[in-house]
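The structure appears right after this line, and notes come after that.
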Amino acid sequence: MSKPIVAIVGRPNVGKSTLFNQIGKRRVSIVDDMAGVTRDRIYMDATWLNHEFTLIDTGGIEIKSADKILTEIRTQAKIAVDEADVIVFVVDGRAGLTADDEAVAKFLRGSKKPIVLAVNKIDTPQQETYEFYGLGLGEPIGISASNALNLGDLLDAVVKNLPQSEIDVRDDDEIRIAVIGRPNVGKSSLVNAMLGEERVIVSEIPGTTRDAIDTHFFVDGTKFTLIDTAGMRRKSKIEEPVERYSVIRSLRAIDRADVVLMLIEAPTGVTEQDKKIAGYAHDSGKGCVIVVNKWDIFPNKHDRSTNRFTDDLRERLGFLQYAPVVYVSALTGQRVERVTELVKFVAEQQSMRIQTSILNELIRDAVAVNPPPSKKGKSAKIFFVTQADICPPKFIIFVNEPELLHFSYLRFIENRLRESFGFEGTPLKFVVRKHNDNSD
């Protein structure tokens, strides 16, 4: 089920990023601290009062400016507004109501989206916000992003406007695929190649994502569903592809997918935007296949080109060491048949369960070879490990002192699990819990 999207917008220097960061600092956000995952994002997943949503930061909007960079920022913000379910419009309480605020308000009213008006830089309850009623956006909520004043009131208003959760009906035996990546890397071409004439397309039906079309097809008796990533099979309403916000178009599809196909353009290689998009899929616990497209036009190829490209992928996308890589040309159909084979394989790996007895035998052997670290003369002791879930596989490790089990040792355990059982294409999740040893 996809998370609703909340976009923070406003003119420059009103405190949008401060508000975005304050929500994270207040631990409202759910952010994975897994080493190697890029963190310079303009979005984060958050919860408030048991409501989950994705928060998007945007650049300052200057409606009337003809400056090329400011025009680009305005286009980027429009993408965020178009994708959002709720808009938080931030204004500056110290500066008062400005003509630029009114211009932005007019722009936002045209979206017909729910708008929560946040008057920032209100440092005391006595400061008035009444003049902002003139924007015609309902009751202004006075906040101070820098010290979290009235942050709860603001988030209460946000979740009140979130759409009702939709029931995502699915077949138990289907594998859902999201094709993700930067603009112009060949997502539409890959989809068309995967849905070639040899495939039996069952139907195209609306998905729970707004305006999305899910396409069902069978390959060798396995049912697959391609999830539309907000425009991958049709022309976008936004004519100009904007790199910074292209990630927004993938968020909803990733949330609903079992396995994502992360497209990398071979001639360009891995970019920072690729890291952002792939990082969200990793954090969301989705299975992943890295698809290097346009391999037919990769320059100066030789017999070790794939090895060297893969090495670079592993270095640049360090958090996706587990993801298989396939080199294709969506345009010519080269090796496209391998994509669905790998998707099916990764889905099986995601669903793998290890018997508790076998799991603990492996952990005992691992501990004998490489004992857990000690701190201040006290050593971590692993009592018991159990697999709690699948898709992604989740393991609970019971220890004497959780803080003694460093993440580097968890990485060692992860490597041993992968060496023994595979788990190719899927992240592994670990929860460390305290276990009282009553044996003494």
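The values are calculated or read from the model by the stated rules, or taken from the named source; none is laboratory data. Model, not experiment: these values are computed from the prediction. Counting neighbours? That spans all protein chains shown, and the Cβs are built from the backbone with ideal geometry, glycine included. Protein only, heavy atoms only, side chains kept; ligands, DNA and RNA dropped before computing areas. Shrake-Rupley method; radii C 1.70, N 1.55, O 1.52, S 1.80 Å.
Some notes on this structure:
- Applying a threshold of 6 Å to beta carbon distances and a minimum spacing of six or more residues, or different chains, the list of pairs starting in the stretch 4-31 at a residue that is at pLDDT below 85 and ending at one that is open to solvent by less than 60 Å² (accessible area, probe 1.4 Å) and of a type in the set (D, E, K, R) reads 30/45.
- Qualifying residue in the stretch 320-331 (condition: open to solvent by less than 30 Å² (accessible area, probe 1.4 Å) and free of Cβ contacts under 8 Å to residues at least 40 places away in the same chain): yes
- Residue within the stretch 294-317 that is touching a residue at least 60 places away in the same chain (Cβ under 8 Å) and either among the hydrophobic types (A, V, I, L, M, F, W, C) or open to solvent by less than 20 Å² (accessible area, probe 1.4 Å) (or both) present: no
Yes/no matrix, rows are residues, columns are (1) open to solvent by 80 Å² or more (accessible area, probe 1.4 Å); (2) part of a helix (DSSP H, G or I); (3) in contact with a Gly (Cβ under 9 Å, 6 or more places away or on another chain):
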| site | (1), (2), (3) |
| --- | --- |
| 339 | no, yes, no |
| 352 | no, no, yes |
| 363 | no, yes, no |
| 372 | no, no, no |
| 384 | yes, no, no |
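- Residue within the stretch 130-141 that is surrounded by 20 or more Cβ atoms within 10 Å (Cβ to Cβ), of a type in the set (A, V, I, L, M, F, W, C), touching a helix residue (DSSP H, G or I) at 6+ places or on another chain (Cβ under 8 Å) and assigned to a loop (DSSP other than H, G, I, E, B) present: no
- From 158, 191, residue being surrounded by 14 or more Cβ atoms within 10 Å (Cβ to Cβ), at pLDDT 90 or above and either out of contact with any Ser or Thr (no Cβ under 7 Å at 6 or more places or on another chain) or not in a loop (DSSP other than H, G, I, E, B) (or both): 158
- Within the stretch 346-362, the set of residues being aliphatic (A, V, I, L, M) and under 31 Å from the mean Cα position of the chain (by Cα) comprises 346, 347, 352, 354, 359.
- Residue check for residue 178: open to solvent by less than 20 Å² (accessible area, probe 1.4 Å), modelled with pLDDT under 85, among the small types (Gly, Ala, Ser) and within 30 Å of residue 268 (Cα to Cα): no
- Of the residues 312, 303, 274, 255, the single one that is over 18 Å from the mean Cα position of the chain (by Cα), acidic (Asp, Glu) and in a helix (DSSP H, G or I) is 312.
- Residue, surrounded by the most Cβ atoms within 10 Å (Cβ to Cβ), within the stretch 386-427, restricted to residues that are in a loop (DSSP other than H, G, I, E, B) and touching a residue at least 60 places away in the same chain (Cβ under 8 Å): 426
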